[in-house]
Amino acid sequence: MIAHLTDLQSPEACGRLVVKVGSALLVGKDGKPRRKWLTGLANEIAQARDRGQEVIIVSSGAIALGAAILGLEKGGRGSLADAQASAAVGQIALSSLWAELLGNHELTAAQVLITLEDLEGRRRYLNASATLHRLLETGAVPVVNENDTVATHEIRFGDNDRLAARVAQAAKANAVILLSDIDGLYDKHPSEPGASRIPMVWGVDDEVRAMATGDSDSGIGSGGMRTKVNAVEIAERAGIALVIANGKYDQPIARAIGLHGDDGIGTLFLARRHDTARKAWIGGRLRMKGTLVIDEGAVNALRDGNSLLAKGITRVDGGFVRGDPVRIEGPDGEWLAKGLAEYDAPECAALVGLHTDEQEKVLGYTPRSAVVHRDQLVMLR
């Protein structure tokens, strides 16, 4: 059980660890890898393996590396075509780099390229999970990145913070370390006088979300504190602890988890829940296909652990089909839950406000027990 940053040193408390490396840490201003720093990080990963821990790396940097090689402006992010071309070149450089650095410690690097759809679809998610588990069983170190060569704006994670949390879910990891350009979560913007780092957070609530901003000091990465807090919410549903730590230092993992004899420097987000594997997958999904707006009575029913019935729905938006994920909103527009719809959107719209005994006449067949069954529903608030 992880309760302190120093627990991430222990193979008993943290047998499987995901480490996310941002673009600004991996690639210098000249577009070339920061080899000295990366060599130190590879050494830390080897030390974790020697302690008996399994490690998965989620590595940014392909677009930045490829853009420098191709001579593209704006770090390869001037257009979708530039980003995809940069990624195609950069992935080769990135995988070769990790293979070399880990190979110096007699560790085998395994490249795993993932798109959003690979982790949003249940079957593909399970396939990705099986691959990660098998690689770890063989002693390899999976190096995961978003497959930016084929991903479009509509099917992208867009940041590797949330990707790292989803990979941790799929791999059943104990913890995630997000190495970034800041020491952790602060009670206000760290540039403001009197800003204080928060060493530990027990679950994400509205107060914590209000502390997060979308700013990043680097100008290279695509994330910010807001995406990191989003990653925390994904991880905690699976009972996974997450650490935000500063990667600008030499031996950043040691600094974060207190290997030099201190208490560690970062923000540790403790998981306040542990959903079933399926509910954790539903709760971690990022793309909703539609929205169901519900009345106050239905809000109370969901909070009591009940399924969502047609009687409590006031509006249906979107073009979803049965089995698609839908957003469930309260009457004030607050996003309350995610769930898998039991009906196509037109059927849902036809059932709005109807009691169960009124639904068969509309549908032409015996209605299902709910529009969203409680076993396929995850509360967010």
Breaking point among (1) crowded, with 21+ Cβ neighbours inside 10 Å; (2) in a helix (DSSP H, G or I), for Ala337: (2)
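Here is a yes/no grid of residues against (1) over 30 Å from Leu102 (Cβ atoms); (2) at pLDDT 90 or above:
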{"site": "Asn145", "(1), (2)": "no, yes"}
{"site": "His153", "(1), (2)": "yes, no"}
{"site": "Gly158", "(1), (2)": "no, no"}
{"site": "Asp161", "(1), (2)": "no, yes"}
{"site": "Ala175", "(1), (2)": "no, yes"}
{"site": "Lys188", "(1), (2)": "yes, no"}
{"site": "Asp215", "(1), (2)": "yes, no"}
Going through segment 312-332 one residue at a time, which ones are of a type in the set (Asp, Glu) and within 13 Å of Glu347 (Cβ to Cβ)? Asp324
Would you check which residues across segment 274-310 are charged (D, E, K, R) and farther than 23 Å from Val321 by Cα and list them? Asp275, Glu296, Arg303, Asp304
Would you confirm whether any residue within segment 274-281 is assigned by TED's automatic domain parsing to the domain that holds Glu44 and farther than 17 Å from Gln376 by Cβ? yes
Please tell me if Ala173 is surrounded by 20 or more Cβ atoms within 10 Å (Cβ to Cβ), under 19 Å from Ala256 (Cβ atoms) and under 17 Å from the mean Cα position of the chain (by Cα). yes
Of the candidates Gly319, Gly266, the one satisfying the condition of being assigned by TED's automatic domain parsing to the domain that holds Leu126 and farther than 24 Å from Glu358 by Cβ is Gly266
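The values are calculated or read from the model by the stated rules, or taken from the named source; none is laboratory data. Predicted model only: the values in this text are computed from it and were never measured. Glycine gets a Cβ as well: all are built from the backbone with ideal geometry, and neighbour counts include every protein chain shown.
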